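Undergrad: Could you have a look at this structure, given as structure tokens, before my questions?
The values are calculated or read from the model by the stated rules, or taken from the named source; none is laboratory data. Keep in mind the model is a prediction, meaning the values are calculated, not measured. Every residue, glycine as well, gets a Cβ built from its backbone with ideal geometry; the counts of neighbours run over all protein chains shown.
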Amino acid sequence: MREYEAALLCDKQNYRVYQHMAWCQLQMKKLDKSVEFLKQADNLNQSQADTAYIYGRVAMEQNDLQKAEEHFKDAITKFQGEAAFWAS
């Protein structure tokens, strides 16, 4: 996480860094923090399928399967060619 925080000091507009931070928080089961980073990533680039996919993974961890499905469909809509999104 320190490396990502350092990266944000250089470029606070880098949505990818926020995505990676959200993913790390998800892996540590810190879902609220993950959502915070996802919101920042989405504010910077709303067309990003990876953000929608990570939102779906967070929703799955929260056992909100309907919300997860919505986010996964959003990811597919934003980037139809990514097999990982279809598999989810």
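Undergrad: Out of region 1-20, which residues are modelled with pLDDT of 95 or more, in a helix (DSSP H, G or I) and farther than 21 Å from Phe72 by Cβ?
TA: Answer for region 1-20, where residues must be modelled with pLDDT of 95 or more, in a helix (DSSP H, G or I) and farther than 21 Å from Phe72 by Cβ: just Val17.
Undergrad: From (1) touching a helix residue (DSSP H, G or I) at 6+ places or on another chain (Cβ under 9 Å); (2) at pLDDT 95 or above; (3) of a type in the set (S, T, N, Q), pick out the condition that doesn't hold for Gln48.
TA: Gln48 satisfies all of (1) touching a helix residue (DSSP H, G or I) at 6+ places or on another chain (Cβ under 9 Å); (2) at pLDDT 95 or above; (3) of a type in the set (S, T, N, Q) except (2).
Undergrad: Please work out if Met60 is under 13 Å from the mean Cα position of the chain (by Cα), surrounded by fewer than 19 Cβ atoms within 10 Å (Cβ to Cβ) and in a helix (DSSP H, G or I).
TA: Yes, satisfied.
Undergrad: Identify the single condition in (1) assigned to a helix (DSSP H, G or I); (2) surrounded by fewer than 11 Cβ atoms within 10 Å (Cβ to Cβ); (3) at pLDDT 90 or above; (4) not β-branched (Val, Ile, Thr) that Lys29 does not satisfy, given that it satisfies every other one.
TA: The number of the failed condition is (1).
Undergrad: Is there any pair with a first residue in region 67-82 that is more than 10 Å from Ala52 (Cα to Cα) and modelled with pLDDT of 95 or more and a second that is part of a helix (DSSP H, G or I) and not polar (S, T, N, Q) whose Cβ atoms are under 6 Å apart and which are 6 or more apart or on different chains, and what are they?
TA: Between residues of region 67-82 that are more than 10 Å from Ala52 (Cα to Cα) and modelled with pLDDT of 95 or more and residues that are part of a helix (DSSP H, G or I) and not polar (S, T, N, Q), the close pairs are Lys67/Ala59.
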